[in-house]
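Just so you know, all these numbers are worked out from the coordinates, no wet-lab data involved. Bear in mind the structure is a predicted one, so any value in this text is a computation, not a measurement. Using ideal geometry, Cβ is built from the backbone for each residue, glycine included, and neighbour counts are taken over all protein chains shown.
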Amino acid sequence: MNIMLLGAPGSGKGTLAEKLIKNQGFKQMSTGDLMRKEIKEETPLGIECARYMNEGKLVPDEVTMGIVKNFLQENHNQLIFDGIPRTLNQAKILEENLVELNAKIDKVIYIDVPTQILLDRISGRLICPKCKVSYHIISRKPKAEGICDNDGSELVRRPDDAPEKVKVRLEAYASETAPLVDYYKNKPGFVHIVDNANTTAEEVYAEVLGAL
Ligand code: AMP
């Protein structure tokens, strides 16, 4: 089974993916993580991605879908698509790529979160540069301040989590990605999760497991 996570930046896609990977044997296909890896390794692809990511803008579809296609050659089952697709064009190309590999997306999990909560979550978010796990300075504190529980790395703030970048990212979500909800909502396998201020990550996870 392949799952797609759909939701705005800060909606908890990464946290949900982490639980599904740990407990249900999924593998993550996060275009954001793959792009950050290219940037860290200073590859030509990374340099191209950084031009957009540093501004909070979407990386062009040709570049993004090249990364996705490479990844899919090696893995195309038990995947969690996290942060991909972000445009209707990407959704269509992804479907075509999967058909060629005799695979498909079985469930689209849409995590629906009010904007103010997204902003609160992103402004307190810290990530581990090594294992990619995400923390929050209030709601998901690491055991030792600023240090990853899993591997002891020093936690960092994502450069694109700066307030002016977040604004651009949320605008990109509203104009480019939110229309995907309409695209998927009448297709089989669509799951709508409403996450409000009181919903915990565990509750979201339990609801998703029920839907799977
Ligand atoms: P994320 O880690 O999913 O929040 O993505 C961080 C940034 O990476 C985004 O703001 C974009 O600049 C870029 N990015 C990640 N995935 C995509 C995608 N599918 N299409 C275009 N840009 C992407």
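In plain terms, the bigger the Kirkwood radius, the slower the diffusion; for the stretch 67-119, with that radius from Cα pairs, at 20 °C and 1.002 mPa s, Stokes-Einstein puts D at 171 µm²/s.
Bridging of Lys167 to lysines at a Cα separation below 16 Å is possible for Lys57, once same-chain residues fewer than 8 apart are set aside. Among Val133, Val99, Val181, which one shows the biggest mean-square fluctuation in a GNM of the chain, springs joining Cα atoms closer than 10 Å? Top of the fluctuation ranking is Val99.
Look at the dipole of the chain built from charges on Cβ: of Ile193, Tyr183, Met35, the Cα furthest out on the positive end belongs to Ile193. Stokes-Einstein diffusion for the stretch 161-212 at 10 °C, viscosity 1.306 mPa s, with a Kirkwood radius from C-alpha pairs, works out to 120 µm²/s. By the equivalent-ellipsoid construction on the alpha carbon gyration tensor, the stretch 87-150 comes out with semi-axes of 33, 17, 10 Å, ordered largest to smallest.
Note on the chain: with a GNM built from Cα contacts shorter than 10 Å, the maximum mean-square fluctuation among Asp82, Asp112, Asp120 falls on Asp120.
The shape of the stretch 1-121 can be summarised by an equivalent ellipsoid whose semi-axes, obtained from the alpha carbon gyration tensor, come to 21, 20, 14 Å from longest to shortest.
The relative contact order of the stretch 106-183, computed from alpha carbon pairs under 8 Å that lie at least 6 residues apart in sequence, is 25 percent.
With contacts taken as Cα pairs under 8 Å at a separation of at least 6 residues, the stretch 18-122 carries a relative contact order of 27 percent. All C-alpha to C-alpha distances of the stretch 35-80, sorted into 10 Å bins beginning at zero, yield P(r) values of 26, 50, 23, 1 percent in whole numbers. For the chain, what does the relative contact order come out to in percent, with C-alpha contacts under 8 Å and a separation of six or more? Rounded, it is 30 percent for the chain. Bridge orientation summary for the chain: considering DSSP beta bridges with both residues in this region, about 25 percent are antiparallel. A Gaussian network model of the chain, with springs between Cα atoms under 10 Å, assigns the largest mean-square fluctuation among Asn23, Asn89, Asn198 to Asn198. From largest to smallest, the equivalent ellipsoid semi-axes obtained for the chain from the alpha-carbon gyration tensor read 24, 21, 18 Å.
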